Amino acid sequence: WGIEADDSAGHPLTVMPIGVLIQAIAALGVERFAPTALLTVLKHPLVRSGADRLVWLDGVRRLDVALRGPRPAPGLDGLAAWLKSGNERERANRDRAVDWWAETAPVFKEFEAAFASARASFGDLLTAIRHLLEILGGEHVWAGTAGRCAADLFTELSSRHELGPNDFAHDDLLPLLRLLLAEKAIRPPQGGHPRLAIYGLIEARLQQPDFLILGGLNEGN
């Protein structure tokens with residue numbers, strides 16, 4: 001109905017577009033370019049969102065079709081080998097994606113190298129994720145309330161990563177990022193509907209509205 005009510009609780013950064021992309025990129029590194037993880041990143045709305053997005057998505061669709069079937073070997077080399085293999089029927093689909101992927105794959109080289117290193121710290125992986133974010137989405141990924149919040153979080157974590165965890169393993173990256181992102185609430189700017197708002201319990205008690213709708217009540221109470 002076109003109603004924008006102020007919501008004091010906001011939404012966790014995990015469900016905002018930038019938060020979803022951060023998690024997808026982390027999963028891409030941890031899963032070593034598994035097809036599902038790769039396509040999730042390539043299809044994200046913040047990736048190549050400029051004038052060339054339709055051309056980008058055309059290439060992604062060709063890659064999507066080419067990757068259907070058994071899972072390729074891990075990493076960029078595994079994907080490249082997969083696209084150059086197969087029987088005559090499979091080659092028809094894979095040949096359509098070979099050139100596009102050959103031009104796109106170098107974008108991920110440094111990112112793959114960071115995740116391939118057993119000595120990579122939490123800070124190293126954060127740097128790799130942030131760098132790939134900016135390559136794929138440009139500086140505008142940090143725009144808006146959610147983008148600025150994500151940028152501030154990266155800056156804070158990068159400056160304090162030496163404090164731990166010391167025994168960090170790559171498999172711990174995604175759960176840790178989800179936890180850190182979930183702690184950040186993105187609240188819309190004030191100035192929504194003049195007579196409607198969504199409040200928490202304490203805030204609601206401080207108001208004197210014309211009507212107050214209480215949620216969570218059992219039928220008959």
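The values are calculated or read from the model by the stated rules, or taken from the named source; none is laboratory data. Fair warning: this is a prediction, and the values are worked out from it, not measured in the lab. Here the Cβ is made from the backbone with ideal geometry for all residues, glycine too, and neighbour counts use every protein chain on show. For the accessible areas, the whole protein counts, side chains as well, though only heavy atoms, and no ligand, DNA or RNA atoms are used. Shrake-Rupley method; radii C 1.70, N 1.55, O 1.52, S 1.80 Å.
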Exercise. Do we find a residue being assigned to a helix (DSSP H, G or I), of a type in the set (S, T, Y) and modelled with pLDDT under 95 anywhere in region 101-118?
Worked result: no
Problem set entry | Within region 8-29, considering residues that are within 21 Å of W56 (Cβ to Cβ) and open to solvent by 50 Å² or more (accessible area, probe 1.4 Å), the one farthest from the chain's Cα centre (by Cα) | P17
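Test E162 against the stated conditions and say whether it is over 20 Å from Q23 (Cβ atoms) and of a type in the set (D, E). Before the answer, list the steps.
On the way: over 20 Å from Q23 (Cβ atoms): yes; of a type in the set (D, E): yes.
Judged against the criteria, E162 is a match.
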Exercise. Which number in (1) at pLDDT 95 or above; (2) among the hydrophobic types (A, V, I, L, M, F, W, C); (3) closer than 30 Å to A204 by Cα marks the one condition that L76 misses?
Worked result: (3)
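Given R53, R71, R32, which one is touching a Pro at 6+ places or on another chain (Cβ under 8 Å) and surrounded by fewer than 16 Cβ atoms within 10 Å (Cβ to Cβ)? I'd like the intermediate steps shown before the answer.
Details: R53 fails: touching a Pro at 6+ places or on another chain (Cβ under 8 Å); R32 fails: surrounded by fewer than 16 Cβ atoms within 10 Å (Cβ to Cβ).
Every option except R71 fails the conditions.
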Seminar exercise, completed: Within region 84-99, restricting to residues that are in contact with a Leu (Cβ under 7 Å, 6 or more places away or on another chain) and at pLDDT 90 or above, the one that is surrounded by the fewest Cβ atoms within 10 Å (Cβ to Cβ) is V98
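Do you know which of the residues in region 189-214 that are within 24 Å of G144 (Cα to Cα) and in a loop (DSSP other than H, G, I, E, B) is modelled with the lowest pLDDT? Don't jump to the end; show me each part of the working.
Our first condition is that a residue be within 24 Å of G144 (Cα to Cα); within region 189-214, this holds for 189-194, 196-199.
Okay, now just the ones that are also in a loop (DSSP other than H, G, I, E, B), so 189-194, 196, 199.
Values: P189: 65, Q190: 63, G191: 60, G192: 64, H193: 68, P194: 68, L196: 73, Y199: 73.
Going through the qualifying residues, I end up with G191.
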Problem set entry | Every residue from region 56-68 that is open to solvent by less than 60 Å² (accessible area, probe 1.4 Å) and free of Cβ contacts under 8 Å to residues at least 40 places away in the same chain | W56, L57, V60, L63, D64, V65, A66, L67
Exercise. Does I135 qualify as being open to solvent by 20 Å² or more (accessible area, probe 1.4 Å) and part of a helix (DSSP H, G or I)?
Worked result: yes
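Among the helices (runs of 4 or more DSSP H) lying completely within region 6-97, list those that include at least 1 residues that are over 25 Å from A116 (Cβ atoms). Working first, answer last.
On the way: elements: 17-30, 35-42, 53-66, 75-83.
Fully inside region 6-97 and qualifying: 17-30, 53-66.
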Exercise. Any idea which residue in region 138-164 is surrounded by the fewest Cβ atoms within 10 Å (Cβ to Cβ), counting only those that are farther than 22 Å from R53 by Cβ and of a type in the set (A, V, I, L, M)?
Worked result: L163
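Results for (1) of a type outside the set (F, W, Y); (2) within 14 Å of C149 (Cβ to Cβ); (3) at pLDDT below 95, shown as yes or no for each residue.
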{"site": "E4", "(1), (2), (3)": "yes, no, yes"}
{"site": "D7", "(1), (2), (3)": "yes, no, yes"}
{"site": "H11", "(1), (2), (3)": "yes, yes, yes"}
{"site": "A26", "(1), (2), (3)": "yes, no, no"}
{"site": "L39", "(1), (2), (3)": "yes, no, no"}
